[in-house]
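The values are calculated or read from the model by the stated rules, or taken from the named source; none is laboratory data. Since this is a predicted model, take the numbers as computed values, not measurements. Cβ placement follows ideal geometry from the backbone for every residue including glycine, while neighbour counts extend to all protein chains displayed.
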Amino acid sequence: MKDEIKKFAVLGHPISHSLSPQIHLLFAREFSINLGYEKFDTKQDDFLERIKSLKDEGYYGLNITLPLKFSAFQICDELSERSSLCKSVNTLTFLGKNIIGDSTDGRGLINDLSYKKIDIKGKNIFLVGSGGAANGAIYDLIQSKPKKIFLTNRTFTKAIEMKKYWKFFAEKNQVILETIDLDFSKKLYFDLIINATSSSLTTQHSPLQEHAFNCLNDEGACYDMMYGSQTPFMREAYKKTNSVYDGLGMLVEQAAVSFNIWHQLAPATENVRTALKNL
């Protein structure tokens, strides 16, 4: 008898661009798992109804993308420490009557940095943005033991609030958090600049001016969590360094962590990265 198809899906709005089905089906092929993976365009108002429906239909788990990660956080019966602190869930597992939530974005970022041979231990990181993407990644950035993480945001009060919220966790891990406004004038030195804003979706301007990129160390790198095209942030970064990356690797690596949560298997990501670049 043919193995039962394990059903999964990704929810978000918009969702047509999502590569999650291709990624998870490629992972499943490695282990000969009979897996179905769909994508459902889901708005905030329809989220709870959609979750209930898919749970009743026997889905094993769901990936959650923008703008639903906080909504997913709110509906869970159990949360990992990571997702509890980040107030963000991108991986749901249905276990009996319970919904279990986890966040794999931060691990996806760290694993991609590692793949790219970017070591952040003891280094200075400049994290641009204080929204959901930044808060979803900072737990794992802090756990990787950089020396300092500089926080900024277009609305500067949000960066101050973010520092206050993460201060205890950072101190526990012996990491210094500092806030700097976007027009900072003092000379600073960064080993890695991460763009966690969605500015490339709404504007053709980089969230950082030229003077910020001039603070990048000679061996430093720039990373944009967005993927799919070269962003204004990346174009500006290339004026300073050739070590400029988009978030496609992060997408693959966070999916690999989700796959491991659901199947207790660690998929290889190299071939999947290559396959996606060739799409």
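Quick check on my filter: what residues within region 168-188 are in contact with a strand residue (DSSP E or B) (Cβ under 6 Å, 6 or more places away or on another chain) and not small (Gly, Ala, Ser)? Residues satisfying the conditions are Ile176, Leu177, Glu178, Thr179, Ile180, Leu182.
Please state which one of Gly129, Gly101, Gly122 is surrounded by 20 or more Cβ atoms within 10 Å (Cβ to Cβ), on the phi > 0 side of the Ramachandran plot and not polar (S, T, N, Q).
That would be Gly129, the only listed residue that is surrounded by 20 or more Cβ atoms within 10 Å (Cβ to Cβ), on the phi > 0 side of the Ramachandran plot and not polar (S, T, N, Q).
The residue of region 250-272 that is nearest to Ser114 (Cα to Cα), among those that are among the β-branched types (Val, Ile, Thr), buried (at least 19 other Cβ atoms within 10 Å of the Cβ) and more than 15 Å from the chain's Cα centre (by Cα), is Thr269. Checking each residue in region 1-32 for being touching a Lys or Arg at 6+ places or on another chain (Cβ under 9 Å), surrounded by 13 or more Cβ atoms within 10 Å (Cβ to Cβ) and not aliphatic (A, V, I, L, M) picks out Gly12, His13, Ser18, Ser20, Pro21. Taken over region 170-202, the residue count meeting the criterion of being at pLDDT 95 or above and of a type in the set (D, E, K, R) is 4. Filtered by the rule that a residue be surrounded by fewer than 20 Cβ atoms within 10 Å (Cβ to Cβ), among the aromatic types (Phe, Trp, Tyr) and either under 24 Å from Ser199 (Cβ atoms) or touching an Asp or Glu at 6+ places or on another chain (Cβ under 6 Å) (or both), region 148-176 gives Phe156, Tyr165. Has region 106-116 got any residue that is surrounded by fewer than 20 Cβ atoms within 10 Å (Cβ to Cβ), closer than 23 Å to Ser198 by Cα, touching a strand residue (DSSP E or B) at 6+ places or on another chain (Cβ under 9 Å) and of a type outside the set (S, T, N, Q)? Within region 106-116, one or more residues are surrounded by fewer than 20 Cβ atoms within 10 Å (Cβ to Cβ), closer than 23 Å to Ser198 by Cα, touching a strand residue (DSSP E or B) at 6+ places or on another chain (Cβ under 9 Å) and of a type outside the set (S, T, N, Q).
Cβ separations smaller than 8 Å between residues 6+ apart or across chains give the following pairs from region 247-273 residues that are under 15 Å from Ala28 (Cβ atoms) and touching a residue at least 24 places away in the same chain (Cβ under 8 Å) to residues that are aromatic (Phe, Trp, Tyr) and not in a helix (DSSP H, G or I): Trp262/Phe8; Trp262/Tyr60; His263/Phe31; Leu265/Phe31; Pro267/Phe31.
For the criterion of being of a type outside the set (D, E, K, R), under 26 Å from Tyr227 (Cβ atoms) and crowded, with 20+ Cβ neighbours inside 10 Å, Leu35 passes.
Applying a threshold of 6 Å to beta carbon distances and a minimum spacing of six or more residues, or different chains, the list of pairs starting in region 33-47 at a residue that is assigned by TED's automatic domain parsing to the domain that holds Lys69 and ending at one that is exposed (fewer than 15 other Cβ atoms within 10 Å of the Cβ) and among the β-branched types (Val, Ile, Thr) reads Asn34/Ile5; Gly36/Ile5.
Report the residue count in region 9-37 for those that are assigned to a strand (DSSP E or B), more than 17 Å from Asn260 (Cβ to Cβ) and more than 20 Å from the chain's Cα centre (by Cα). Total meeting the criteria: 1. Taken over region 204-220, the criterion of being out of contact with any helix residue (DSSP H, G or I) (no Cβ under 7 Å at 6 or more places or on another chain) and outside any helix (DSSP H, G or I) is satisfied by Gln209, Asn214, Cys215, Leu216, Asn217, Asp218, Glu219, Gly220.
All told, Lys55 falls short of being within 23 Å of the chain's Cα centre (by Cα), over 27 Å from Thr269 (Cβ atoms) and assigned by TED's automatic domain parsing to the domain that holds Ala266.
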